[in-house]
Every structure is written in C-alpha cells, then in structure tokens.
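The values are calculated or read from the model by the stated rules, or taken from the named source; none is laboratory data. Since the structure is predicted, the reported quantities are computational estimates derived from the model, not experimental observations. Here the Cβ is made from the backbone with ideal geometry for all residues, glycine too, and neighbour counts use every protein chain on show. When the accessible area is computed, the model is the full protein with side chains, heavy atoms only, and any ligands, DNA or RNA have been set aside. Shrake-Rupley method; radii C 1.70, N 1.55, O 1.52, S 1.80 Å.
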Amino acid sequence: MGLHTGEPSVGDEGYLGLDVVRAARICSAGHGGQILLSETTRALLGNELPDGVAIVDLGQQDLKDVQHERIYQLAVDGDQSFPPLKTHAPKSASDELGDRIERHVLEMVDASLNTGKAKGQAKGQVNMLRFTVIGLIELILVVLTLVIIVWLVKTILF
C-alpha cells in the first residue's frame with residue numbers, strides 16, 4: 001500500500017494530477033504487505049504513534065515520472081523484513097566518478113587495440129602508456145583530493 005497526501009483534481013474519469021501519480025508510484029515501489037508513506041504523509045503523522053507501530057526511513061528514492069521522494073515504511077508490530085524497494089536509487093557523486101573512470105578506461109583499451117593494428121605499433125604503445133600513466137595520476141589526485149576534503153570536513157565539524 002502506498003500513501004501520499006495531496007490535492008488532486010477531480011475530472012470526468014476520477015482523480016487526476018501529480019499527487020495521484022506520486023501515490024501510485026509509491027505503491028508500485030513496495031511489496032505485498034508493505035505500507036509505504038510519502039514524506040508529506042509522514043510529516044502529517046507526527047511523532048505520536050500507537051503502540052507497536054514504528055516509522056522506518058527508507059531514504060531518498062527515484063520514482064518514475066516523479067523524480068525523488070523520501071519514502072518511509074510503516075512497520076506494524078516490528079514487521080520490517082521486505083526486499084529493497086522496486087525503484088532506481090539516485091547515483092551518488094562517487095558512482096558518477098566511477099562511471100567516468102570506467103568509460104575512460106574502456107576508451108583507452110579500445111584506442112590501444114585500434115592503435116596496435118595500425119602502422120607504428122611501438123609508437124602507439126608508447127602513447128597509450130603515456131595516456132595510461134596520466135590517467136592513473138589523475139585518478140590518484142582525485143582520490144587524494146576526496147580524502148583531504150573528508151579529513152577537513154571531519155576536522156572542522158568534530
């Protein structure tokens with residue numbers, strides 16, 4: 001079950017609007033017996049819940065046609081064991097960086113294979129080695145920069 005609170009429009013065919021779509025997407029992300037809540041509905045519930053009822057934050061989810069929505073699960077009598085939601089989790093900055101590195105490596109391998117077939121194979125291998133070393137240095141610098149940023153943030157905040 002997916003619950004969302006909003007103001008849909010009423011038309012000849014019933015309820016319409018983004019809030020109806022949002023409720024449907026939240027519902028379709030869940031599994032049988034699971035009760036999911038939108039962030040809006042969660043906020044309206046407040047903090048006083050009946051005994052045996054808990055709210056579990058399932059995090060930010062990427063729903064089709066809705067973009068991002070923080071989803072909560074209503075756990076009744078401790079029942080929280082469900083598979084992961086059927087959504088696409090948004091990519092983090094580290095995922096994006098990993099994708100860029102993977103694309104770069106694949107391009108370099110492809111270029112290396114194509115260069116090896118042409119004349120001047122030795123010169124192409126030297127160039128590929130140079131590009132590979134440069135790429136590895138760039139990767140090390142990016143990782144080192146991320147480590148320094150994390151260290152600075154931890155030092156400043158704590």
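Does region 62-73 contain at least one residue that is surrounded by 12 or more Cβ atoms within 10 Å (Cβ to Cβ), in a strand (DSSP E or B), touching a helix residue (DSSP H, G or I) at 6+ places or on another chain (Cβ under 6 Å) and modelled with pLDDT under 85?
yes
Evaluate the following for L58: is it modelled with pLDDT of 80 or more, open to solvent by 90 Å² or more (accessible area, probe 1.4 Å) and under 21 Å from T5 (Cβ atoms)?
Numbers: modelled with pLDDT of 80 or more: yes; open to solvent by 90 Å² or more (accessible area, probe 1.4 Å): no; under 21 Å from T5 (Cβ atoms): yes.
For L58, the condition - modelled with pLDDT of 80 or more, open to solvent by 90 Å² or more (accessible area, probe 1.4 Å) and under 21 Å from T5 (Cβ atoms) - is not met.
Give just the number: which of (1) acidic (D, E); (2) at pLDDT below 85; (3) open to solvent by 80 Å² or more (accessible area, probe 1.4 Å); (4) under 30 Å from D62 (Cβ atoms) does E138 not satisfy?
The one condition E138 does not meet is (2).
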